[in-house]
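Notes to accompany the following structure.
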Amino acid sequence: MDKKYLNLTFVDEGQKQATLRVNTPKDGLDGNTAKAGAQAIVASGIFRAKGKFVAAQKAELVTVTSDTLFTVNE
């Protein structure tokens, strides 16, 4: 089973990194859309780490593949 996540990394006022993870990113998400969304988060000022986010640093679409080997109810 494949699961996808969008990790958005930001820099705060103290130059520390912080990452937000979106558990169900939209199918077909591209770099321009991710960048625009990350910039909107910075502009809103609603998220903070040690300080207010001042810049979007990167966006990564992560795919995790897992295979169930057994379950207790089998």
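The values are calculated or read from the model by the stated rules, or taken from the named source; none is laboratory data. Values in this document were obtained by computation on a predicted structure and should not be read as measured data. Reconstructed Cβ throughout: ideal geometry from the backbone, glycine too, with neighbour counts over all protein chains shown.
Scan segment 37-53 residue by residue and report those that are surrounded by 12 or more Cβ atoms within 10 Å (Cβ to Cβ) and either modelled with pLDDT of 95 or more or aromatic (Phe, Trp, Tyr) (or both). Selection gives Gly37, Ala38, Gln39, Ile41, Val42, Phe47, Phe53.
Scanning segment 11-36 for residues that are under 19 Å from Thr63 (Cβ atoms) and small (Gly, Ala, Ser), which turns out nearest to the chain's Cα centre (by Cα)? The extreme case among them is Ala34.
What about Ala18, is it touching a residue at least 40 places away in the same chain (Cβ under 8 Å) and in a strand (DSSP E or B)? Taking the combined requirement at face value, the residue does not satisfy it. A single entry from Lys16, Lys26 fulfils the requirement of being more than 25 Å from Val64 (Cα to Cα), of a type outside the set (Gly, Ala, Ser), at pLDDT below 95 and surrounded by 10 or more Cβ atoms within 10 Å (Cβ to Cβ): Lys16.
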